[in-house]
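Worksheet for the structure shown next.
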Amino acid sequence: MTTRLSVAGTVHVPGDKSISHRSLLFAALGQGTSRVRDILQSADVHSTAGVLRALGVKVPELSSDFVVQGHGPQALVQPTVDLDCGNSGTTTRLVAGIVAGRERLAARFIGDMSLSRRPMKRIATPLVAMGARVESEGADGLPMLIVGGALRAIDWHSEHASAQVKGAIMLAAVSSGVSATVHEPSRSRDHSERMLKARGAQVDVRDNTVTVHANASLQALDVDVPADPSSAAFFVALAGLAHSGELVLPNVCLNATRTGGFDILGRMGVSITLQDERDAGGEPLGTLVVRPGSLRATSVHGAEIPRAIDELPLIACVAARAHGETRISGASELRVKESDRIAAVVQNLRLIGVDAEELPDGMIIRGSDKALRGHVITHGDHRLAMAFGILAAIPGNAITIDDPACVAVSFPDFWSELARVIGAPSPRISGAQPASVVTESSEQIAGALQHNVASDAGTSSSERMVIAIDGPAASGKSSTAQWVAKRLGVRHVDSGAFYRALTAANLRSGRAPDTWSADSVLGEAHRISLALTERSVVPTLDGETADDELRGRSVTQEVYRVASMPEVREWVNARVREAGATSDVVVDGRDIGTVVFPQASLKVFLIADPWERARRRLVQRLERRPTDAEIALETEALVARDAKDATQSRPDPMAITIDTTSLTQEEQVDRIVALAQAARVG
Ligand code: S3P
């Protein structure tokens with residue numbers, strides 16, 4: 001086994017996230033048909049599309065080439081649902097500006113736990129100064145209600161170099177037909193200015209000040225979204241850290257407000273050559289050819305910070321391998337990103353053995369060549385997962401990542417692309433597996449992937465896709481699995497239904513449950529068969545699907561008896577395998593990835609803290625919001641049951657664990673679907 005990392009290939013980095021959001025938002029605000037090509041199809045951009053749909057804009061399903069019919073800000077309609085912005089700060093802040101500028105619109109913005117914690121006062125204060133009403137339900141953050149109004153012009157000195165703050169103010173002005181001037185302490189990304197100009201608005205830019213003039217009426221515009229420099233940066237870093245090889249990254253956005261990360265990596269010694277530089281759709285772009293270098297420490301501060309803001313976690317990870325001490329300062333904005341990226345990066349660097357220190361507004365990292373080992377906690381932050389994923393790919397390191405699936409926010413195919421360019425043998429892999437296993441070297445990543453592919457080939461379901469979703473009681477796995485199956489257009493198999501069917505058969509037999517033995521239970525098994533519906537494979541009892549009976553109280557009370565009998569489990573496993581042989585399936589249960597389908601194409605393990613599991617169970621049972629006292633009681637019962645549970649679920653080492661505590665069901669489904677799509681490649 002060599003211990004050298006070699007890279008090769010061309011990486012088509014997905015579309016720029018900032019430009020993708022704006023291509024949808026500005027198309028909706030424009031008049032006429034705007035064509036969008038190569039948009040980023042990631043969770044964050046889906047959030048923007050969803051929010052626009054809730055405001056009455058006909059945004060088609062995202063694809064590589066589609067059109068949006070714009071009818072101007074006046075055509076937006078009062079949403080009848082909360083605007084769910086998921087994990088996306090850009091969606092929240094830019095749409096907040098748009099809603100603020102419309103009289104008669106009021107919208108409540110919600111998001112996941114990470115987004116709900118992020119500061120919104122920075123946009124609320126100028127929007128209120130313009131005449132909108134903004135109310136946060138907590139001290140700051142989401143949920144937040146915005147009531148639009150006929151706004152007045154504003155001349156605003158922003159404390160933050162933030163394109164989201166600047167964009168919120170400019171969009172409020174456009175949406176209300178007034179002018180706005182924003183002064184920033186240093187220049188943030190300027191995609192909004194460029195796109196407004198390209199759509200015919202009068203926009204002046206001088207130093208760090210931007211003015212959008214009154215009555216800007218936006219025209220339709222076709223946008224080709226260039227590749228995202230913040231996503232490309234991971235592969236620039238990877239090539240820089242390699243011992244040999246070269247990566248080619250075409251069509252990367254080279255807007256100077258975004259290329260700080262490349263400047264810093266270049267300064268640290270990564271060899272970056274630009275080719276085929278050109279302008280397209282108002283943005284400069286080009287091809288990056290990247291090669292290894294001998295890496296040295298650097299210092300990052302001042303006006304370079306906003307130009308590299310999203311790349312700083314990655315720079316910190318590269319610094320762990322660079323000669324000398326790297327210092328990042330003046331970057332307190334990092335504390336209010338998807339996670340507190342100063343605390344989280346430093347903690348994780350230390351966890352894997354790097355000498356790193358927190359500063360109030362940055363961090364210090366001392367590089368070394370030593371093997372890095374440990375488990376990274378991403379806090380669901382996509383950029384942390386990818387930054388540490390790059391370190392995980394280096395031979396000799398042994399790094400695991402708790403939630404690799406969170407890359408779905410900005411770069412759904414990240415793991416498969418990473419595996420491909422470091423020489424994994426087959427592209428038919430699960431996106432997150434390379435980093436979810438301990439990676440001793442790139443050869444071992446390749447080996448793990450090979451194992452998956454090889455073991456699949458040896459089974460009767462070699463052509464079948466099986467997605468295994470395991471987890472403890474009330475982790476929400478069954479309804480999530482059902483949705484995942486629906487989204488993927490495959491069948492769902494609820495293994496629990498087979499235990500329930502067997503329980504129901506035995507209850508029908510009239511024998512007292514406390515006398516049941518494995519023999520007597522299986523004596524009734526002949527009454528159960530498999531039935532295929534369009535979307536599932538289900539058990540039938542005496543020739544009928546007996547849903548209500550299977551979900552009823554007596555079956556729920558007695559099912560634990562049959563599920564704890566090893567012989568019965570074997571019988572159920574055989575039925576579930578038969579179900580899996582019928583078609584591509586998503587199967588949920590306790591031991592699907594470990595026992596039933598050890599060769600599954602993707603294994604997911606869902607966890608959630610007991611309080612949240614208890615809450616979900618009660619919501620389902622009571623069909624109302626449970627009180628804290630009720631949840632506390634249910635939590636106790638659940639924890640006690642977990643402890644006694646003979647069938648307690650343990651994750652397969654290859655499973656991707658997703659902590660669903662702070663995720664909506666839709667977010668869980670999005671992540672699993674993104675992983676499944678990566679697993680299906682090839
Ligand atoms: C973005 C602006 C930046 C950046 C984020 C995207 C945008 O945030 O970190 O990923 O598209 O406007 P701030 O404006 O808060 O710095």
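Quick check on the exposure proxy: order SER517, SER20 from fewest to most C-beta atoms within 10 angstrom. Don't skip to the answer; put the middle values down first.
On the way: SER517 12, SER20 28.
Starting with the residue having the fewest Cβ neighbours, the order is SER517, SER20.
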Please figure out what share of the DSSP beta bridges in the stretch 455-681 is antiparallel and state it in percent, rounded to the nearest 5. 25 percent
Using the crude model of +1 on Lys and Arg Cβ and -1 on Asp and Glu Cβ, and no other charge, please compute the dipole size for the chain relative to its Cα centre, in debye to 20. 600 debye
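Would you kindly give the portion of the calculated P(r) for the stretch 104-161 that falls above 18 Å, as a percent of all Cα pairs?
Tail of the P(r) past 18 Å holds 36 percent of the pairs.
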Starting from the Cα-Cα distance between THR556 and ALA303, subtract it from 0.36 nm times their residue separation and give me the gain in nm to one decimal. 84.9 nm
Label-point gap, in nm, between GLU357 and SER329 - each point 7 angstrom along Cα→Cβ: 1.1 nm
Given the stretch 17-224, what count of lysine pairs have C-alpha atoms under 22 Å apart, with each pair 8 or more places apart or on different chains? 5
Förster radius 45 Å - calculated FRET efficiency between SER564 and THR664 (Cβ-Cβ, nearest 0.05): 0.85
Assuming R0 = 51 Å, can you tell me the calculated FRET efficiency for the pair ASP548 and MET113, based on Cβ-Cβ distance, to the nearest 0.05? 0.90
Within the stretch 7-34, backbone nitrogen closer than 20 Å to the virtual label 7 Å beyond the Cα of ALA75 toward Cβ: 21-34
Taking H as built 1.01 Å from N, whose amide H comes closer than 5 Å to the amide H of ILE469, not counting residues under 5 places away? VAL587, ASP588, GLY589, VAL604
Take ARG625 and SER217, extend 7 Å from each Cα along the Cα→Cβ direction, and tell me the distance between the two endpoints in nm. 4.5 nm
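Rounded to the nearest 5, what % of the DSSP beta bridges within the chain are antiparallel ones?
Numbers: 52 of 92 bridges.
That works out to approximately 55 percent antiparallel.
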Of ALA504, GLN557, PRO539, which is farthest towards the positive pole of the stretch 498-569's charge dipole, taken about the Cα centre with +1 and -1 on the beta-carbons of Lys, Arg and Asp, Glu respectively? GLN557
Once fully extended, how much extra length lies between THR33 and HIS157, figured as 0.36 nm per residue of separation less the alpha-carbon to alpha-carbon distance? 41.1 nm
Counting Lys and Arg as +1 and Asp and Glu as -1 over every other residue whose Cβ sits under 11 Å from the Cβ of LYS166, the net charge comes to +1
Where in the stretch 487-506 does the amide nitrogen come within less than 20 Å of the point 7 Å from the Cα of SER63, taken along Cα to Cβ? 487-490
Check which residues have an amide H placed less than 5 Å from THR298's amide H, if you skip close sequence neighbours. THR326, ARG327
Counting only Cα atoms, I'd like the Rg/Rh figure for the chain, Kirkwood definition for Rh. 1.00
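Going by C-beta contacts inside 10 Å, put VAL576, VAL619 in order with the fewest on the left.
Going from sparsest to densest Cβ surroundings: VAL619, VAL576.
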Enumerate the lysines that LYS603 could reach by cross-link, defined here as Cα to Cα under 19 Å, with residues fewer than 8 away along the same chain left out. LYS477, LYS486
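Rounded to the nearest 500, what is the chain's calculated 222 nm mean residue ellipticity when only DSSP H runs of at least 4 contribute -39500 (n - 2.57) each, over all residues?
Numbers: 25 runs with 268 residues, N = 682.
That calculation yields -12000 deg cm²/dmol at 222 nm.
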I'd like the distance between the alpha-carbon centres of the stretch 49-127 and the stretch 1-47, rounded to an integer number of Å. 19 Å
Check the straight Cα-Cα distances from LYS337 and name the aspartates and glutamates below 17 Å, setting aside those fewer than 8 residues away within the same chain. ASP44, ASP112, ASP140, GLU159, ASP310, GLU311, GLU358, ASP361, ASP381
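Quick one: order HIS213, HIS191 by neighbouring beta-carbon count within 10 Å, fewest to most.
HIS213, HIS191
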Among beta bridges assigned by DSSP with both residues in the stretch 17-224, the antiparallel ones amount in percent, to the nearest 5, to 70 percent
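Computed from the coordinates by the stated procedures, all read-outs in this text should not be read as laboratory data. Keep in mind that what you see is a predicted model, and the values were worked out from it rather than measured. Glycine also receives a Cβ, built like all others from the backbone with ideal geometry; neighbour counts cover every protein chain displayed.
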